[in-house]
Amino acid sequence: MLSLELLIPMAKKNLPTVNAHHDDRISWDEYFMNIAEDVAKRSTCVRRQIGAVIVNGVTKEIVATGYNGNPRGQDHCLAIGCIRDKLGLPSGEKSEVCTAVHAEQNALLQAGTRARDGTMYCLIMPCNTCAKMILNAGIRRIVYRDEYPEKMGKNLLRDLGVEVVKFCRPKK
């Protein structure tokens, strides 16, 4: 019977070598943004499907996910229609009229204090209300895909030291 000390060098000798400079895997940002896009598919908003993913800043483990939709127990906008559409309100204005909870808010509620020092991946730049919650949760980095019409949230996050990164999908 071979001892472990003898097997390990033999196994290493038979393994193919990997050049670290030719790693074809997608980046962490692309990986987590892909997951945020899948999370958004659970959204019940008729206007825009948004997903958010909170990731531990050190271990790169998913802490929480969230998507936008009405609070638990309330009928979904898919069933009752959008109050904002009925009132003719454009995106980014009078967000308090919307009945939905934002994806970022749902992810923060799920994460609790585990969000601290993490990164949030969002399909859209967080609004001002979400930005304030993100700051209080201690998120250190935001990676977003699309702009939001209102710029207060983005400015607040940057002004208070949160790294804000617009995600651009790599060209293939």
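Subtracting the Cα-Cα distance of ASP85 and LEU156 from 0.36 nm times their residue separation leaves 22.8 nm of extension gain. Taken one residue at a time, the phi angles of the stretch 156-172 give Karplus couplings (6.51, -1.76, 1.60, θ = phi - 60°) of 4, 4, 5, 4, 9, x, 7, 6, 10, 10, 7, 7, 10, 5, x, 6, 9 Hz. Gly and Pro are set to x.
In nm, what is the difference between 0.36 nm times the number of residues separating TYR31 and ARG114 and their Cα-Cα distance? Don't skip to the end; give the middle numbers.
Details: separation 83, 0.36 × 83 = 29.88 nm, distance 2.02 nm.
27.9 nm is the gain from fully extending TYR31 to ARG114.
Given a 1.4 Å probe and every protein chain left where it sits, what share in percent of the accessible area of the chain is carbon and sulfur? Write out the running numbers ahead of the final one.
On the way: 5980 of 10900 Å².
Answer for the chain is 55 percent, counting heavy atoms of protein chains only.
Database remark: amide H of ILE142 closer than 5 angstrom to the amide H of MET120, GLU163, VAL164, VAL165 (H placed geometrically; neighbours at sequence offset of 5 or more, or on other chains; Pro and chain starts carry no H). Using the rule -39500 (n - 2.57) for each DSSP H run of four or more residues, divided by the residues of the chain, the 222 nm mean residue ellipticity is -9500 deg cm²/dmol. For VAL101, nonlocal amide neighbours, meaning residues 5 or more places apart or on other chains whose placed amide H falls under 5 Å from its own, are GLY69, ASN70.
For the stretch 50-148, what is the percent of antiparallel DSSP beta bridges, rounded to the nearest 5?
If I count the DSSP bridges inside the stretch 50-148, around 65 percent turn out antiparallel.
When the Cα positions of VAL101, CYS77, ASN136 are compared along the charge dipole of the chain, CYS77 comes out farthest toward the positive end, with charges on each C-beta of Lys, Arg, Asp and Glu.
Loop-located GluC sites (Glu not before Pro) in the stretch 121-172 (DSSP state not H, G, I, E or B) with no more than 14 neighbouring Cβ atoms inside 10 Å: GLU147. Backbone geometry of the stretch 138-145 corresponds, through the Karplus equation with coefficients 6.51, -1.76 and 1.60 at θ = phi - 60°, to 3J(HN,Hα) couplings of x, 5, 9, 8, 10, 10, 10, 9 Hz, x marking Gly and Pro.
Kindly provide the GluC sites (Glu not before Pro) of the stretch 82-121 that DSSP labels as loop, not H, G, I, E or B, and whose Cβ sees at most 11 other Cβ atoms within 10 Å. Mind dumping the intermediate values first?
Details: sites: GLU93, GLU96, GLU104; in loops: GLU93.
Filter output for the stretch 82-121: GLU93.
The values are calculated or read from the model by the stated rules, or taken from the named source; none is laboratory data. Bear in mind that the values here come from a model prediction, so they are computed numbers and not experimental data. Counting neighbours? That spans all protein chains shown, and the Cβs are built from the backbone with ideal geometry, glycine included. Protein only, heavy atoms only, side chains kept; ligands, DNA and RNA dropped before computing areas. Shrake-Rupley method; radii C 1.70, N 1.55, O 1.52, S 1.80 Å.
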